[in-house]
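The values are calculated or read from the model by the stated rules, or taken from the named source; none is laboratory data. Since the structure is predicted, the reported quantities are computational estimates derived from the model, not experimental observations. Using ideal geometry, Cβ is built from the backbone for each residue, glycine included, and neighbour counts are taken over all protein chains shown. Just so you know, the surface numbers come from the protein's heavy atoms only, side chains and all, with ligands and any DNA or RNA stripped out. Shrake-Rupley method; radii C 1.70, N 1.55, O 1.52, S 1.80 Å.
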Amino acid sequence: MSDKAVLTIDGKTFELPIIKGSTGPDVVDVRKWYADSDTFTFDPGFTSTASCESKITFIDGDAGVLLHRGYPIDQLAEKSSFLEVCYLLLHGELPTADEFSKFDHNITYHTMLHAQFDRFFEGFRRDAHPMAVMTGAVGALSAFYSDSINVDDAREREISAHRLIAKMPTIAARAFKYTIGQPFVSPRNDLSYSENFLRMCFAVPAEDWKPNPVLTRAMDRIFILHADHEQNASTSTVRLAGSSGAHPFACIAAGIACLWGPSHGGANQEALEMLEQIGTVDKIPEFIEGVKARKYKLMGFGHRVYKNFDPRAKVMQKTCHEVLGQLGINDPLLEVAMELEKIALSDPFFIERKLYPNIDFYSGITLRAMGFPTNMFTVLFALARTVGWISQWKEMFEDPARKIGRPRQLYTGATERDYVAIDQRG
Ligand code: CMC
């Protein structure tokens, strides 16, 4: 392929450099395009635009490939742990045993929240959606840990990253406990990241809490599967917010707010609610007719990037069966999900539009079996994605070419006109 793209406007020819990545599509460098040509490029939804250079995550949507720092997601889900994946995303390489033990210690010893935080939670209504609580609570972290918000200091950036990864499970568990009216459970340093989180969610003062290795492993795997996904809506939100030099905690709160939407992280809650609404296998054909008539979407299906299959969905499906098998749950919704998947995958409407099950299709059933209510699903996604957000945010600060994000627009509104006094308007 040539190393230049040529564009002609009104008989004038412009040459645009083509930049090659280590894998994946090349990009046409339009950074000087406006200065040279006095025109903008137009790409709402960024369907053809690379907003940054990154070395963290690679997706080939057509081939169903997802790599973190080069490692395939199925290998990480099978062989690694969430904390090790956190280290990998943040630092670029898998840790040595010594590096991992220091990292593990750092995260474990930052899990507690400032005591004043309990009072902060009490300001929320008990029936608030836990994602609303998360957005507020994480945004408030800079009010509690103001010693790590200098974004120009690499050490302070690292401390913020560790604090976020460490405290998200504590905040998420508290958001859960608060909505169900149970006392907060403090973190325990002798437990693994995922075990500690499950204990903070499900332990009650009235009885002992017993860890279940299958559920702990499933939780850890769910966190791994959600850890990063290159420049999706919430990650781009974090980068854009961070490009102004905003505090890291504020940027992550912005990411959480974006994730909440039903087209993004909120889809796992909606996918389960959809399965509940369908209820039984015999109702599926009627439901599919509604999808085809564009009355509603099949939640948990389709993806902006994956047009073959979502590699995370495969691992999630396996994890779902493991959890249900371990708990001895015979969930009729799983039967509905499997039948829905079968029908959708053989129906031309879905085949033509390349609509395959995404990660959210099976995560809802799994999380429900583990004891989480639907309104907590997106919270768990936010907890896991925090490491992706903060790794991408950190990478942005390490890039000497960093600029404040400032998209352009195609203006189609009124052109300049004179103000008319109110009594003279027709
Ligand atoms: N059910 C029915 N039709 C669909 C669906 C769906 N889930 N998704 C896309 N389509 C149709 C869409 O109507 C359009 O049809 P037509 O060409 O006839 O107008 C065609 O497929 C292309 O869709 P699109 O809107 O151009 O696709 P997109 O890349 O902009 O949207 C998406 C991607 C994820 C927003 C969308 O597929 C969707 O809303 N899915 C349901 C929500 C969901 O499960 N989201 C979770 C994504 S995975 C977790 C995450 O990363 O956040």
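Brief remarks on what is shown
- Fluctuation leader among Ala175, Ala218, Ala128 - the chain, Gaussian network, Cα springs under 10 angstrom: Ala128
- Nitroxide proxy distance, nm - points 7 Å out along Cα→Cβ at Tyr296 and Ile422: 4.5
- Cross-link reach list, aspartates and glutamates versus Lys55, counting only Cα pairs under 16 Å and skipping chain neighbours closer than eight places: Asp26, Glu93, Asp228, Glu230, Glu395, Glu398, Asp399
- Considering only Cys52, Cys201, Cys86, the Gaussian network model of the chain with Cα springs below 10 Å gives its largest mean-square fluctuation to Cys52.
- Accessible carbon and sulfur surface of region 250-382 relative to its total accessible area, %, 1.4 Å: 54
- Accessible surface of region 109-162, 1.4 Å probe, proportion on carbon and sulfur as whole %: 50
- One Cα centroid belongs to region 365-422, the other to region 234-263; the line between them spans 5 Å.
- Only aspartates and glutamates eight or more places from Lys394 in sequence, or on another chain, were considered; those with a Cα closer than 12 Å are Asp152, Asp153, Glu156, Glu158.
- Between 0 and 90°, nearest 10: helix 213-225 axis offset from the chain longest Cα axis: 10
- Mean separation of Cα pairs under 8 Å and 6 or more residues apart, divided by the residue count, gives region 319-426 a relative contact order of 23 percent.
- From most to least packed by mean Cβ count within 10 Å, the peptides 62-73, 403-414 give 62-73, 403-414.
- ³J(HN,Hα) computed for each position of region 148-157 - Karplus, 6.51 cos²θ - 1.76 cosθ + 1.60, integer Hz, glycine/proline x: 9, 10, 7, 5, 8, 10, 4, 5, 5, 4
- Nonlocal amide H pairs with Phe301, under 5 Å, H built at 1.01 Å: Asn358
- Here region 325-364 and region 60-79 have alpha carbon centers that stand 21 Å from each other.
- Out-of-range pairs (alpha-carbon distance over 30 Å; input Lys20/Lys403; Lys177/Lys342; Lys4/Lys307): Lys177/Lys342
- Rounded to whole numbers, the Karplus 3J(HN,Hα) couplings from phi for region 227-244 are 5, 7, 7, 6, 8, 6, 4, 6, 5, 5, 4, 4, 4, 5, 4, x, 5, 7 Hz, using 6.51 cos²θ - 1.76 cosθ + 1.60 with θ = phi - 60°, and x at Gly and Pro.
- Residues of the chain: accessible area per residue with a 1.4 Å probe, Å²: 51
- Residues of region 359-393 with amide N under 19 Å of a point placed 7 Å along Cα→Cβ from His321: 359-370
- Candidate lysines - alpha carbon under 20 Å from Lys295, same-chain residues fewer than 8 apart omitted: Lys283, Lys354
- Degrees separating the helix 248-259 axis from the principal Cα axis of the chain, which is the longest one: 90
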